[in-house]
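Everything on this sheet refers to the single structure shown next.
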Amino acid sequence: MKTLYFVRHAKSSWKYDVDDHKRPLKGRGERDGKLVSKEVSLSIEQPEKIISSDATRALTTAHFFKKALKVDDANFETNHDLYDFSGQNVMRIIKSLPDNLDTVMIVGHNHAFTSVVNMLGNKYIENVPTCGFVMLQFEEEKWSSITTGKTVKTVFPRDLK
């Protein structure tokens, strides 16, 4: 069985005149990142690996989950290809995960994440909100073979306030 955790980056700030890739989180995003990562850490198995988009807002969000889930540096990486909004790169990354990993968290962006969780999960999600968490499980043994899995859990900031 394979388990995939999706985390959409927390709320980012448009206050700074920076390239989209370098946009930081706003205060609400930081608060939501801490809140959701703590809640999730109480009810899920630690991922064997966290892979994050290298965009500032995603990477900052990923670090909240890394800390809450006690994932060490060796099992944390960035991948520029997760700076994807269509979902094509996200799917390619998922399908090419090493089969010795059973539980992986990826941190990235919409519209890619809403599209992919609806393609791979069995419950329709209108929109994965900022700092939204979605857990999918698959019966397959190989990442390259996964098709439709089961949407096991969602944790959205609004559920915790």
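The values are calculated or read from the model by the stated rules, or taken from the named source; none is laboratory data. What you are looking at is a predicted structure, and each value in this text was computed from that prediction instead of being measured. With ideal geometry, Cβ positions are generated from the backbone for all residues, glycine too; neighbour counts draw on all protein chains shown.
Against the list (1) closer than 23 Å to Ser41 by Cα; (2) surrounded by 17 or more Cβ atoms within 10 Å (Cβ to Cβ); (3) out of contact with any Asp or Glu (no Cβ under 7 Å at 6 or more places or on another chain); (4) small (Gly, Ala, Ser), the condition Gly108 fails is (3).
Val18 falls short of the stated requirement of being within 14 Å of the chain's Cα centre (by Cα) and of a type in the set (A, V, I, L, M). The C-beta contact set for region 3-23 (first residue in a loop (DSSP other than H, G, I, E, B), second residue modelled with pLDDT of 90 or more and of a type in the set (A, V, I, L, M), distance under 6 angstrom, 6+ apart or interchain) comprises His9/Ala58; Ala10/Leu25. Residues that are of a type in the set (A, V, I, L, M, F, W, C) and under 13 Å from the mean Cα position of the chain (by Cα) within region 56-84 comprise Ala58, Leu59, Ala62, Phe64, Phe65, Phe76, Leu82, listed in sequence order. For region 33-58, a tally of residues being buried (at least 17 other Cβ atoms within 10 Å of the Cβ) and not basic (Lys, Arg) returns 14. All of (1) touching a Lys or Arg at 6+ places or on another chain (Cβ under 9 Å); (2) among the aliphatic types (A, V, I, L, M); (3) more than 12 Å from Ile50 (Cα to Cα) hold for Ile93 with one exception: (1). Pairs linking a residue in region 54-73 that is farther than 15 Å from Lys26 by Cα and β-branched (Val, Ile, Thr) to a residue that is at pLDDT 95 or above and assigned to a helix (DSSP H, G or I), with Cβ atoms under 9 Å and 6 or more positions apart or on different chains, are Val71/Phe65.
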